[in-house]
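A quick write-up on the structure given underneath.
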Amino acid sequence: MNDFRPANPIQDFLVFGEFGDVNPCITDSSTYTFLTPEKMREVFAHEIEGCFLYSRHWNPTNRFLSQALAAMEDTEAAQVTASGMSAIACTVLQMCGAGDEILSSRTIYGGTYALFKNFLPRLGIQARFLDLSDGQALAAAVTPKTRVLFTESVSNPLLEIADIPALASFARAHGLKLVIDNTFTPMIVTPARHGADVVVHSMTKFINGTSDTVAGCICASKDFVAKLTDVNSGACMLLGPVLDSLRAASILKNLHSLHVRMRQHSRNAQFLAEFLRSRGLGVHYPGLAEHPHHALLEKMMNAGMGYGGMMTLDVGDEATADRLMVTMQEEKIGYLAVSLGYFKTLFSSPGSSTSSEIPVEERVAAGLTKGLIRFSVGLDEDIERTAERLARSLRRCGIRMPEEPLTGPRREAP
Ligand SMILES: *Cc1c(COP(=O)(O)O)cnc(C)c1O
């Protein structure tokens, strides 16, 4: 375990607003005035530090949020974007051109998979998908054209853990850039501290945490962020996925409670996972000792944040999964909805939603079965009550709990 405390640098990043405001003034401008045309020419030519030209390039609100995110991910700099997908797309398009290749984990978010598999080949960029924990396969797949190694720190939806230090040394040895999507584990894992070159997030999920906006970010070196925002050649500048400053301001405010939320998401997911396991059900959660990558995550994770809010349950077949999700919604456990990181538990079956872009054969090979339900466990104060509702839902759906005890679920928090 690490002693890095990502909430500390965010809390030490004090912002003094224009009028001494504790929350900085929100930039309500797309453009910025110059006192002289000479100064404008100079700024466009050299992009002078601290000068704002036009809000698609930079604006003060987005800069404050970016600085806080860089502090959280322990990178030199960051850039915010209008979605997680645009953060990923801009990152790989900045790194790759026609003829280049990407090596990607085969278990990634469906949208990223579709971008790599279906869209990038139109630009002459090829992606190969493999099990990145298989060192031999990885070594066999790398070619002189490979530029990027891409994976998620905790994968969507199978909760496989990437061995970031091992991937980072492989990337260094082969001159690749290691890009990590850390959407599932903000504050829990700090990939840059384990050698990742670029860390991307869908801020739509845990970082914002209120399911009211779509946003993303790219945390990286100063040099890479300068490349992304270059007026002549930057993917963020020229493809233009700018985050609206009103949204950036609200995400910055939510970021200040992220550590409290992550701890509660983790605590509740750990409780439900242990509860389901105690009933003999097919639960996957990295906080369970029998999870195949439990020890690996323990080695990388920061202290005190738990093992995250994501958990999966395999109930065998699609019809049972469908029935259970409807029943859980009736029992007010949460919502049948995609996305994650909300105060209420969200559940969906990835095979027919967020991973439907991945071909069936590849899903089966990766263990993404039709009876799999993905949970983003909420911030419930009384998780014992939720476990009772879950047990009731399982019984209502006729799901056998081989080891159901005679008493109710244990009361103490794990
Ligand atoms: C949701 C998600 C994305 C895409 O982010 P958007 O904000 O929806 O564009 C990328 N990666 C992961 C792991 C996600 O869960």
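If you take the charge dipole of the chain about its Cα centre, with +1 on Lys and Arg Cβ and -1 on Asp and Glu Cβ, which of Gly135, Ser211, Ala89 is farthest toward its positive end?
Ser211
Can you work out the accessible area per residue across the range 318-385, with the rest of the protein chains kept in place, probe 1.4 Å, in square angstrom?
42 Å²
Tell me, what is the per residue accessible area of the range 7-255 in Å², probe radius 1.4 Å?
Working: 10230 Å² over 249 residues.
Ligands and nucleic acids excluded, the figure is 41 Å² per residue.
Got the relative contact order for the range 259-396 handy, in percent, Cα pairs under 8 Å and 6 or more residues apart? Present the calculation step by step, with values, prior to reporting the outcome.
Values: 225 pairs, mean separation 39.1, N = 138.
Across the range 259-396, relative contact order equals 28 percent.
Below 8 Å, C-alpha to C-alpha, sequence gap of six or more: please give me the relative contact order for the chain in percent.
On the way: 827 pairs, mean separation 72.0, N = 414.
Relative contact order, the chain: 17 percent.
Using 0.36 nm times the number of residues separating Leu288 and His174, minus their current alpha carbon distance, what extension gain do you get? Could you put the intermediate results ahead of the total?
Working: separation 114, 0.36 × 114 = 41.04 nm, distance 3.43 nm.
Net length gain for the segment: 37.6 nm.
How much length is gained if the chain between Leu336 and Ala140 is pulled fully straight, taking 0.36 nm per residue apart and subtracting their Cα-Cα distance, in nm to one decimal?
Here the answer is 66.5 nm.
For the chain, with a Gaussian network of springs between Cα atoms less than 10 Å apart, report the residue from His284, His201, His256 with the top mean-square fluctuation.
His256
Rounded, prolate or oblate: which fits the range 138-187, taking a ≥ b ≥ c as square roots of the Cα gyration tensor eigenvalues, rounded meaning a/c under 1.5, else prolate when a/b beats b/c? Write down the numbers at each step before the final one.
Values: a/c = 2.32, a/b = 2.02, b/c = 1.15.
Here the range 138-187 falls in the prolate category.
By how many degrees, 0 to 90 and rounded to 10, does the Cα axis of helix 37-46 deviate from the longest principal axis of the chain?
With both axes taken from Cα atoms, the answer is about 50 degrees.
Please report the carbon-and-sulfur percent of the accessible area for the range 259-396; probe 1.4 Å, protein heavy atoms only, DNA, RNA and ligands left out. If you can, show how the numbers build up before the last one.
Details: 2860 of 5250 Å².
On the range 259-396, the fraction of accessible area on carbon and sulfur atoms equals 54 percent.
Run the dipole for the chain about the Cα centre, Lys and Arg Cβ at +1, Asp and Glu Cβ at -1, nothing else charged, and hand back the magnitude in debye, nearest 20.
Working: 39 positive and 45 negative charges, 103 e Å.
In debye, rounded to 20, the chain gives about 500.
Springs between alpha-carbon pairs under 10 angstrom, Gaussian network model over the chain: which of Ile399, Ile88, Ile207 fluctuates most?
The residue with the greatest mean-square fluctuation here is Ile399.
May I ask for the angle, rounded to the nearest 10°, between helix 164-174 and the longest principal axis of the chain, with both axes built from Cα atoms and the value confined to 0 to 90°?
50 degrees
If I compute solvent accessible area with a 1.4 Å probe over the protein chains, what percent of it on the range 7-255 is carbon and sulfur? Before the final figure, lay out the partial values.
Working: 5450 of 10230 Å².
The computed percentage sits at 53.
Under 1.5 on a/c is rounded, so check that first for the range 29-144, then, if it is not, pick prolate when a/b is larger than b/c and oblate when it is not; a ≥ b ≥ c are the square roots of the alpha carbon gyration tensor eigenvalues.
On the way: a/c = 2.73, a/b = 2.20, b/c = 1.24.
Here the range 29-144 falls in the prolate category.
Modelling each spin label as a point 7 Å along the Cα-to-Cβ direction, I'd like the His256/Asn23 distance in nm, to one decimal.
0.8 nm
The values are calculated or read from the model by the stated rules, or taken from the named source; none is laboratory data. Worth saying up front: this structure is predicted, and the values here are computed from it rather than measured. Counting neighbours? That spans all protein chains shown, and the Cβs are built from the backbone with ideal geometry, glycine included. Side chains are part of the model used for accessible areas, which takes the heavy atoms of the whole protein and leaves out ligands, DNA and RNA. Shrake-Rupley method; radii C 1.70, N 1.55, O 1.52, S 1.80 Å.
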